Amino acid sequence: MIIGYIRVSTDDQNTARQETLLRGLGAEKLFTDRASGKSTRRDGLQEMLAFVREGDTVIVESYSRLARSTRDLLDIVRLLDEKRVGFISSKENIDTGAPAGRLMLTIFAGLYQFERECLLERQAEGIREAKLSGKYKGRAPIPTDAGKFAALYAEWKSGAVTAAAAHRALGLSASTFYRRVRQYEGRGNGDTLGGTRSPKPPDTWKK
C-alpha cells in the first residue's frame with residue numbers, strides 16, 4: 001500500500017497541491033499535519049508510523065515535509081526500514097527501494113556525522129580556551145526541591161515507587177538521580193551512613 005504524508009505549517013495553508021501530487025503518485029491513504037516543521041507534536045505523523053505495515057511505502061512531496069532535521073529524517077527512515085516499509089521523497093528523487101536512494105541516505109548520514117563531529121570539536125575548543133582564561137564555569141546547576149526529593153527518596157527506598165518513576169518525577173536523568181542519592185546519603189562527600197545526623201539535600205545541586 002502506498003501511503004502519503006502531508007504537512008503544512010499553518011491551519012490556513014491549503015493541502016490540495018500536496019494531495020494532488022501524492023494521489024497522482026499512487027497514494028491510497030493520506031495522513032496530514034498542520035504544524036511547523038520545528039514542532040515535535042505531529043499527530044498525523046505518529047498515526048502514519050503506527051499504521052504502516054511491512055510492504056507499504058511512504059511517499060512525501062519533499063523530505064522537509066516529513067522531518068525537522070537530517071537526524072530526524074534518518075531516525076524516521078530507520079524506523080520505516082525496521083518495519084520493512086519503503087520511503088520515497090518526490091522532490092529529491094529519493095527511493096529507499098532503489099540503490100541510488102539508499103546511497104543518498106548514506107551520504108546524508110555521513111554529512112550529519114561530519115557536522116556533529118565538527119560541532120563537538122568547536123565546543124571542546126571553546127571549553128579549553130575558557131578554562132585557560134579562567135572563564136569556564138561548567139554546567140549550570142539544575143534546581144531540585146529538597147522536600148520533594150526527600151519524599152520521593154523515602155518512597156523509593158521503601159519500594160513504593162521505582163527509581164525510574166522517582167527520577168522522572170524530579171525531572172532528572174537516571175545518572176543524575178543516582179548521583180543526587182549518593183550526595184543525599186552522605187557518600188558523595190566522604191560521609192558514611194549510620195550517623196545520628198539525617199542527610200539534608202541542598203535546594204540546588206549541580207548536574
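The values are calculated or read from the model by the stated rules, or taken from the named source; none is laboratory data. Keep in mind it's a predicted model, so treat the numbers as computed, not measured. Methodologically, a virtual Cβ is constructed for each residue, glycine included, from the backbone with ideal geometry; neighbour enumeration extends over all protein chains shown.
Remarks
- Which listed residue, of Leu120, Leu105, Leu111, is crowded, with 18+ Cβ neighbours inside 10 Å, not in a loop (DSSP other than H, G, I, E, B) and not assigned by TED's automatic domain parsing to the domain that holds Asp33: Leu105
- Residue identified as under 24 Å from Glu115 (Cβ atoms), in a helix (DSSP H, G or I) and in contact (Cβ under 8 Å) with a residue 24 or more places away in the chain among Arg71, Arg78: Arg71
- Only one of Thr162, Thr176 that is at pLDDT 85 or above, in contact with a His (Cβ under 9 Å, 6 or more places away or on another chain) and not aliphatic (A, V, I, L, M): Thr176
- Residues that are surrounded by fewer than 21 Cβ atoms within 10 Å (Cβ to Cβ) and of a type in the set (Ser, Thr, Tyr), drawn from the stretch 51-69: Thr57, Ser62, Ser64, Ser69
- Complete set of residues in the stretch 79-93 that are out of contact with any Phe, Trp or Tyr (no Cβ under 7 Å at 6 or more places or on another chain), surrounded by 12 or more Cβ atoms within 10 Å (Cβ to Cβ) and of a type outside the set (Gly, Ala, Ser): Leu79, Asp81, Lys83, Val85, Phe87, Ile88, Lys91
- Residues satisfying the stated conditions in the stretch 157-178, i.e. without any contact (Cβ under 8 Å) to a residue 24 or more places away in the chain, assigned to a helix (DSSP H, G or I) and not hydroxyl-bearing (Ser, Thr, Tyr): Lys157, Ala163, Ala164, Ala165, Ala166, His167, Arg168, Ala169, Ala174, Phe177
- So Gly110, is it more than 30 Å from Leu22 (Cβ to Cβ) and at pLDDT below 85: no
- Given (1) outside any helix (DSSP H, G or I); (2) not assigned by TED's automatic domain parsing to the domain that holds Val8, number of the condition Arg41 does not satisfy: (2)
- Applying the set (1) closer than 17 Å to Arg65 by Cβ; (2) part of a loop (DSSP other than H, G, I, E, B); (3) at pLDDT below 85 to Lys91 leaves exactly one unmet item: (3).
- Unmet requirement for Gly134, which otherwise passes all of (1) on the phi > 0 side of the Ramachandran plot; (2) in the same structural domain as Arg182 (by TED's automatic domain parsing): (2)
- Given (1) modelled with pLDDT of 75 or more; (2) over 30 Å from Thr57 (Cβ atoms), index of the condition Gly190 fails: (1)
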